[in-house]
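Since the structure comes first, as structure tokens, the remarks are kept for the end.
The values are calculated or read from the model by the stated rules, or taken from the named source; none is laboratory data. Because the structure is a prediction, the values reported are computed rather than measured. Reconstructed Cβ throughout: ideal geometry from the backbone, glycine too, with neighbour counts over all protein chains shown. Only protein heavy atoms, including side chains, enter the accessible area calculation; ligands, DNA and RNA are left aside. Shrake-Rupley method; radii C 1.70, N 1.55, O 1.52, S 1.80 Å.
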Amino acid sequence: MDNPIHRRWRCTLRGGLVLRVAAAVVLLLSPAAVSPVASHNDHGVHNNYLVLVRSAYEYDKKVHQNVSSWHASLLASVCDSAKETLEADPSAMTRLIYSYRNVVNGFAARMTPEELDKMSKMEWFDRSLPEQTYHLLTTHTPEMLGLAGADPRRGGLWNTSNMGEGVIIGILDDGIYGGHPSFDGAGMKPPPAKWKGRCDFNKTVCNNKLIGARSYFESAKWKWKGLQDPVLPISEGQHGTHTSSTAAGAFVPNASVFGNGLGTAAGMAPRAHIAFYQVCYEQKGCDRDDILAAVDDAIEDGVDILSLSLGHEDAIDFSDDPVSLGGYTAILNGVFICAAAGNTGPTPASLVNEAPWLLTVGASTSDRRFAASVKLGGKVEVEGQSLTDPNTTMGEPRPLVRDAEGTCATEAALTAANITGKIIICDAGGVVSTEKAKMAKRAGAAGMIVVIPEVFGAVVIPRAHAIPTVQVPFAAGQKIKDFMQTSRDATATFVFKGSVFKTPQSPMVAPFSSRGPNRRSRGILKPDLLGPGVNILAGVPSIEDVELPPNEAMPRFDIKSGTSMAAPHLSGIAALIKHAHPTWSPAAIKSALMTTAEPTDNLRKPIADVDGKPATFLALGAGHVNPQKAMDPGLVYNMTAAGYVPYLCGLNYTDQKVSTIIYPEPAVSCANLSRLEQDDLNYPSITAILDQPPFTATANRSVTNVGAASSTYVVEVEVPASVKVEVNPSKLTFKAVDEVLNYSVTIKSADGRAPASPVEGQLKWVCGKQYVVRSPLLVVAGARQA
């Protein structure tokens with residue numbers, strides 16, 4: 001096995017190779033160890049490429065010391081070592097950035113177009129991928145999800161799961177503030193003996209909670225000139241600290257944001273260990289090759305769960321996508337992988353991280369609001385939300401004003417509006433609302449009302465502002481504007497109410513949560529399910545865009561929203577399940593989460609979308625996570641990693657692309673396998689594609705008994721009259737735990753025509769009052785391939 005430290009090579013004047021490990025360890029390889037080096041002009045523009053090697057080629061242990069030296073020899077075959085060229089331009093040296101051992105058969109390198117062209121003619125060369133940038137998709141939720149009782153340290157699911165003790169969650173993100181109290185290791189046991197990772201912080205920061213912390217920078221630094229080598233995985237941004245503390249933060253009492261959300265903060269799995277991998281950089285993004293390198297190491301380090309709150313804006317082929325590639329290798333090694341669905345909703349077909357071996361998580365609201373209201377004329381109250389300290393009082397009503405543009409986007413417009421001592425109302429547009437508040441403060445405003453865009457519906461995402469601020473839904477904003485037009489000398493004041501719980505019609509799909517259908521595999525419903533992702537309070541280094549009075553301490557918690565916040569909720573919950581069921585496969589854990597997900601809100605009505613109508617499966621997936629039920633699901637749809645291979649062949653991937661995805665498993669020939677249609681993949685949800693007459697499809701499934709040894713399940717199907725569904729058999733009788741039984745589902749169009757629009761229903765296996773194993777059933781028309 002190669003040393004887990006990734007190597008970076010460079011061509012030398014003598015045609016040899018220099019290996020740089022960590023800070024100063026240098027190893028010279030003789031020219032005999034590498035292929036002969038050709039000479040050609042090396043003065044071209046250098047770019048980063050991911051180079052994939054044909055699956056038939058593997059390194060010879062008799063010739064090469066390790067995978068890195070083999071990759072270096074392949075690269076050396078096109079590396080210019082002419083003395084005069086390198087002396088004239090030593091910076092223009094081809095570089096091996098990363099040598100991958102687990103996630104792909106290949107390496108990341110820095111090359112000129114001429115070198116790449118020469119490499120493309122090599123017998124071992126499969127293909128190259130140009131550099132790609134991925135982006136981050138950015139206290140009460142443990143109680144809301146049933147993890148904690150009234151006392152957050154006692155009761156609830158945490159009792160039966162021991163809070164995820166001994167489970168290692170790997171977080172890929174933009175940096176972590178290791179000294180945050182959420183990462184206090186007091187009372188934590190040491191990590192399990194299998195842990196082989198490292199923590200680059202010193203011993204006062206690394207502890208039994210934060211057991212690993214590393215930076216991946218080798219590719220990013222070439223792409224973004226001037227980016228400083230982080231040395232340590234620290235970021236002044238909030239994202240990585242927030243996601244890490246959401247997944248597995250320790251108990252921190254008296255956590256709040258300016259008095260809002262006051263309580264004991266904790267992650268979903270407070271006793272799980274955190275291994276942090278920095279792959280993203282503020283204002284830049286996340287480099288694909290760095291992501292692959294981090295997953296490569298995390299698997300060898302011994303993580304149990306991987307949490308990725310990042311993604312690419314486009315639908316990327318599974319064989320080109322680092323999250324898909326790394327995710328497959330992860331499940332091959334028994335590592336559960338959880339990924340954010342994206343933040344470009346409610347646009348259809350906008351979600352990312354679509355591979356079926358990933359748990360793709362959309363975002364929902366919680367039942368907590370940071371309530372505030374605008375009292376118009378001292379009488380009528382218009383409801384909104386605010387992170388202004390609940391103890392703040394506005395006093396007498398203040399005049400309501402607007403600037404000429406209505407968006408408060410420039411200092412000049414605010415000054416011209418004469419807003420001193422007044423409350424200004426601002427529409428969305430221009431700069432962010434926190435910047436508007438700073439400008440309004442400088443112009444003397446007493447307060448600000450921010451009107452949320454109409455697309456957000458009733459969902460408000462409050463931020464901390466420099467002056468007292470209430471953010472209101474679009475409809476409420478229109479009511480305030482109407483009041484201003486019809487009232488002489490319109491005035492208002494604010495009422496700050498703090499945290500309010502059990503908000504009706506919760507959860508609701510977040511407006512920004514990306515939607516299906518799955519662009520790469522229409523027969524697999526995505527997202528898989530929803531988790532809390534709106535107004536999530538978790539740890540941060542400091543609060544952004546807020547000016548504090550002198551000597552006032554900066555809060556160590558903040559509210560953030562995004563599928564980035566939803567994914568670590570599910571990662572932490574998966575850790576609880578992993579602790580309770582250590583032998584369960586990633587597919588079994590995923591199935592438990594999906595088949596027990598709730599399709600209804602706290603009023604027992606269908607979970608709504610932002611327009612107030614029931615959310616479709618393309619927004620909702622299987623429903624909203626229910627951790628208590630997921631711990632004991634009754635039946636699971638289990639799979640090994642090998643089960644995805646016939647499915648990939650069924651998607652018409654070439655043999656080489658399939659082999660790229662499943663590396664380091666042996667190469668495959670799809671001609672020698674039975675191709676699997678998408679609807680036959682043993683997935684917890686069922687999508688039937690009626691693509692040709694007579695518009696009939698059959699989906700086959702296998703379920704494994706993980707509940708009562710002796711149990712009988714009876715099927716219940718609920719579908720509209722436009723389709724007919726037959727399940728065979730209609731009853732499953734188990735005699736033992738881990739027994740596997742099969743069934744088939746035949747879906748037909750009732751009128752013999754393709755459905756004009758998606759048809760939604762559900763299939764449930766019911767065992768008395770103890771278990772309900774539910775699968776969403778989606779019927780669509782059209783082509784099977786995207």
Worksheet entry | Charge dipole magnitude, Cβ of K and R +1, D and E -1 - the stretch 355-490, Cα centre, debye nearest 20 | 220
Worksheet, complete the sentence: Residue by residue through the stretch 293-309, the couplings from Karplus 6.51 cos²θ - 1.76 cosθ + 1.60 with θ = phi - 60°, in Hz, x for Gly and Pro, are 5, 5, 5, 3, 6, 4, 5, 6, 5, x, 5, 9, 10, 10, 10, 10, 9
Item to complete: Using all C-alpha to C-alpha distances in the stretch 701-749, build P(r) with 5 Å bins and read off the rounded percent in each one.
Response: 5, 19, 27, 19, 14, 9, 6, 2
Worksheet entry | Given charges at Cβ of Lys, Arg, Asp, Glu: the stretch 377-475 dipole, positive-most of V431, G457, A445 | A445
Practice prompt. Place a +1 charge on the Cβ of each Lys and Arg in the chain and a -1 charge on the Cβ of each Asp and Glu, then give the dipole magnitude about the Cα centre in debye, rounded to the nearest 20.
Written response: 1280
Item to complete: For the stretch 441-554, just say rounded, prolate or oblate: build the C-alpha gyration tensor, square-root its eigenvalues into a ≥ b ≥ c, call rounded for a/c under 1.5, and beyond that prolate if a/b exceeds b/c, oblate if not.
Response: oblate
Worksheet, complete the sentence: Per the C-alpha gyration tensor (a ≥ b ≥ c, the square roots of its eigenvalues), the stretch 634-743 is rounded if a/c is under 1.5, else prolate if a/b beats b/c, else oblate; here it's oblate
Discussion item. Tell me the Kirkwood radius of the stretch 285-396: reciprocal of the mean inverse pair distance over distinct alpha-carbon atoms, in Å.
Written reply: 17.3
Discussion item. Projecting each Cα onto the charge dipole of the stretch 729-786 (Lys/Arg +1, Asp/Glu -1 at the beta carbon, about the Cα centre), which of P776, A756, L732 comes out farthest on the positive side?
Written reply: L732
Fill in: J(HN,Hα) series, the stretch 736-753, from Karplus relation 6.51 cos²θ - 1.76 cosθ + 1.60, nearest Hz, glycine and proline x
7, 5, 6, 5, 10, 10, 10, 8, 10, 10, 10, 10, 10, 6, 5, 10, x, 10
Practice prompt. List the residues whose amide H sits under 5 Å from the amide H of E665, counting only those 5 or more places along or on another chain, with H placed 1.01 Å from N in the peptide plane.
Written response: none
Discussion item. Taking θ = phi - 60°, what integer Hz values does the Karplus form 6.51 cos²θ - 1.76 cosθ + 1.60 yield along the stretch 393-403, in sequence order, with x for Gly and Pro?
Written reply: 10, 8, x, 5, x, 10, x, 9, 9, 10, 7
Fill in: Cα-Cα over 20 Å, subset of K375/K560; K379/K497; K189/K629; K590/K748; K189/K578; K560/K629
K375/K560; K189/K629; K590/K748; K560/K629
Worksheet entry | Probe 1.4 Å - accessible area at H135, Å² to nearest ten | 80
Fill in: Size-normalised alpha-carbon gyration radius of the stretch 678-786, reference 2.2 N^0.38 Å
1.12
Worksheet item: When N is the residue count of the stretch 563-711, what does its C-alpha Rg come to as a fraction of 2.2 N^0.38 Å?
Response: 1.22
Worksheet, complete the sentence: Placing +1 on each Lys and Arg Cβ and -1 on each Asp and Glu Cβ in the chain, then taking the dipole about the Cα centre, the residue among W70, Q692, T388 whose Cα reaches farthest towards the positive end is T388
Practice prompt. Based on the mean of other Cβ atoms within 10 Å per residue, sort peptides 595-607, 434-446 so the most packed one is first.
Written response: 434-446, 595-607
Discussion item. Using helices alone, I'd like the mean residue ellipticity at 222 nm for the chain: each DSSP H run of four-plus residues gives -39500 (n - 2.57), total over residue count, nearest 500.
Written reply: -5500 deg cm²/dmol
Worksheet entry | Candidate residues W124, W765: accessible-area rank, largest first, probe 1.4 Å | W124, W765
